[in-house]
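The values are calculated or read from the model by the stated rules, or taken from the named source; none is laboratory data. In this text, all values refer to a predicted model and were calculated from it rather than measured experimentally. For neighbour counting, all protein chains shown are included, and Cβ atoms are generated from backbone atoms with ideal geometry for every residue, glycine included. Note: accessible area is taken over every heavy atom of the protein model, side chains too, but ligands, DNA and RNA are not part of it. Shrake-Rupley method; radii C 1.70, N 1.55, O 1.52, S 1.80 Å.
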Amino acid sequence: MSLQCTAHKQPNTLKKAFTCAFPQTVPIFAGFLFLGMTYGIYMHVSGFSFWYPMLMSLTIFAGSVEFVAVSLLLGAFRPIQALAVTLMLNARHLFYGISMLDRYRGTGIKKIYLIFGMCDESFSINYTAEIPEDVDRGWFMFFVTLLDHLYWFAGATLGGICGSFLHFNTEGLDFVMTAMFAVIFMEQWTKEKRHWDSLIGLGASFACLLIFGAERFMIPSMLTILALLTLLRDTLGKGGETV
Amino acid sequence: MTFTRQIITIGMVILGTVLTRFLPFLIFPAGKPTPAYIQYLGKVLPAAVFGMLVVYCLKNVSVFTGSHAIPELLALAVVVLLHRWKRQMLLSIAGGTVCYMLLVQFIF
């Protein structure tokens, strides 16, 4: 990532890691505050007190599923269905976990929180960020995750408390997340020698979106990606084409 | 739904989320060597996942109705051009987002 860390010769490991982590999370600050507030407002207009978005943003910390949880809470009591829906929507975390097996290694007790807070955004930053040698990797990733968590929590709580009083035109602000993933995609692209992995991800997901529709394309996309990457293992596995 | 049932439903969502996040780490613990196939996946999956996330963000955009995906395509073009020009992550993201907000609020 092109952001350079400006932490110089600070004696404190924590302070250094924080100073390095914070700038990386600024786009997420904008995106999560906005999306979190949208979620809080949505819960508010669905008849829930602010305690719900506040505590759910802390304990679940997975954006799309929290929106779905609202309709689960409004419908009939079906706990197994709630579990099944969550597993399907969040299955992509399995891919993040496999990618982070090495990176989260050796981070001590912090590892539990790093895994707990591994949303799309904290995964993307923690996977792509170029952490300087003199910055503690574990604390850097911890602060990225913690800040993301705090932004989401603050947004959801604010939305739940005062969402109905706020009237400023934020239409289109949610594009900040799309823009962030597009930039991360480009950064990954420049690191590759060959672009098969990126193209497979983009192409398979797009094809599945056209075939299966917006509501149910994620699982087919993941299976297609997995199948193609497995078939191409002999080609892609040789010579580190990804950094 | 009673309060207890709400707690159980929320608990199920928490359980499902935690399971998907912890499962790979439980199956392939740090102490044991990770199978070569999983190591390979760990190397090639991220690039594919970032492509998937871009599509995921744009999943509700329709080419046939509304503004025909024009604001999204224009704003993405701004992101790509800014990033190729300056390669400043925050600038590319902010530029594309401001462009998108102006487009959907004033033009489309």
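Data for the structure
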| item | result |
| --- | --- |
| Solvent-accessible area buried by pairing B with A, both sides, nearest 100 square angstrom, 1.4 angstrom probe | 7200 Å² |
| Size descriptor, Kirkwood hydrodynamic radius, that averages inverse alpha-carbon separations across the range A:158-222, Å | 14.8 Å |
| Square roots of five times the Cα gyration tensor eigenvalues for the range A:13-179, Å | 29, 20, 13 |
| Reach of A:Lys193 by Cα under 25 Å, taken over lysines that are not fewer than 8 positions away in the same chain | A:Lys238, B:Lys43, B:Lys86 |
| Cleavage-rule hits, trypsin sites (Lys or Arg not before Pro), the range A:184-222, DSSP coil, Cβ neighbours within 10 Å at most 11 | A:Lys193 |
| Neighbouring partner chain Cβ atoms per residue of A:25-34, average, 10 Å criterion | 2 |
| Partner lysines for B:Lys32 [C-alpha distance under 17 Å; skip if fewer than 8 residues away on the same chain] | A:Lys111 |
| Partner chain coverage, peptide B:66-73 - average Cβ within 10 angstrom | 1 |
| Chain B, Cα convex hull volume normalised per residue, Å³ | 214 Å³ |
| Rh (Kirkwood; distinct C-alpha pairs) - the range B:58-108, Å | 11.3 Å |
| Partner chain coverage, peptide B:79-89 - average Cβ within 10 angstrom | 5 |
| Extreme residue, positive dipole direction of the range A:5-129, given options A:Leu35, A:Ile125, A:Ala91 (C-beta unit charges) | A:Ile125 |
| Distance between the range B:5-22 and the range B:53-108 - C-alpha centres, whole angstrom | 34 Å |
| When the range A:188-238 is reduced to its Cα atoms, the Kirkwood hydrodynamic radius in Å | 11.5 Å |
| For the range A:171-187 versus the range A:29-60, the gap between their alpha-carbon centres in whole angstrom | 21 Å |
| 3J(HN,Hα) from dihedral phi, the range A:51-66, Karplus parametrisation 6.51/-1.76/1.60, rounded to Hz, x for glycine, proline | 4, 5, x, 4, 6, 5, 5, 6, 8, 8, 6, 8, x, 4, 5, 5 |
| Carbon plus sulfur fraction of accessible area for the range A:188-238, probe 1.4 Å, in percent | 69 percent |
| Kirkwood-based Rg to Rh ratio, the protein assembly as shown, C-alpha trace | 0.95 |
| Of A:His195, A:His93, A:His149, the one that fluctuates the most in a GNM where chain A has Cα springs shorter than 10 Å | A:His195 |
| Average accessible area per residue (Å²) across chain A - probe 1.4 Å, nucleic acids and ligands excluded | 45 Å² |
| Check: the protein assembly as shown dipole with +1 on Lys, Arg Cβ and -1 on Asp, Glu Cβ, in debye | 680 debye |
| Extension reserve of the A:Ser49-A:Ile112 stretch, reckoned as 0.36 nm per residue once the Cα distance is removed | 19.7 nm |
| Efficiency of FRET between B:Ile107 and A:Phe67 - r from beta-carbon atoms, R0 25 angstrom, step 0.05 | 0.35 |
